[in-house]
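Shown next, in structure tokens, is the structure this report addresses.
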Amino acid sequence: MNTERMYQIVRRPHVSEKTALLQADSNQYVFEVRSDASKSDIKRAVEGLFEVDVEQVQVLNVKGKQKSFRLVPGRQKGWKKAYVRIKSGQSIEEVQAD
């Protein structure tokens, strides 16, 4: 898999207080990924980009929120989130807040 395709699958890290706790406690990292990416695609992309060994990938579809824009009801886009657990002793240093 080429690097450009890997960057298309793994779009950006999702950084929050919850993800920081997951990182410290269970060596899990959270990424925003393409909506059509499979678990095996995500695993290969993370292993290729960050040079780590992935143990487990869990995927979650996040629904877009209902919002109103200048009194016109609308909806934000939904997105896909991947929880990636890597082997103990390894870490991903490039993940930083946006």
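A few notes on this one:
- On the chain, 45 percent of the accessible area sits on carbon and sulfur atoms, based on a 1.4 Å probe.
- Options (i) 115; (ii) 91; (iii) 178 - which one matches volume of the Cα convex hull per residue in Å³ as calculated here: (i)
- For the chain, the tally of Lys pairs with Cα-Cα distances below 20 Å comes to 20, considering only residues 8 or more apart or on different chains.
- Considering only Val54, Val62, Val46, the mean-square fluctuation computed in a Gaussian network model of the chain, springs between alpha carbons under 10 angstrom, is largest for Val62.
- Taking the longest Cα principal axis of the chain as reference, the axis of helix 39-50 is set at about 60 degrees.
- Average accessible area per residue (Å²) across region 3-86 - probe 1.4 Å, nucleic acids and ligands excluded: 67
- Within the chain: Cβ-based charge dipole about Cα centre, in debye rounded to nearest 20 (Lys, Arg +1; Asp, Glu -1): 840
- Helix-derived mean residue ellipticity, 222 nm - over the chain, DSSP H n ≥ 4, -39500 (n - 2.57), to 500: -8500 deg cm²/dmol
The values are calculated or read from the model by the stated rules, or taken from the named source; none is laboratory data. As the structure is a computational prediction, the values presented were derived from the model and not from experiment. Quick reminder, even Gly has a Cβ in these numbers, built from the backbone with ideal geometry, and neighbours come from all protein chains shown. These accessible areas exclude ligands, DNA and RNA; they are computed on the full protein's heavy atoms, side chains included. Shrake-Rupley method; radii C 1.70, N 1.55, O 1.52, S 1.80 Å.
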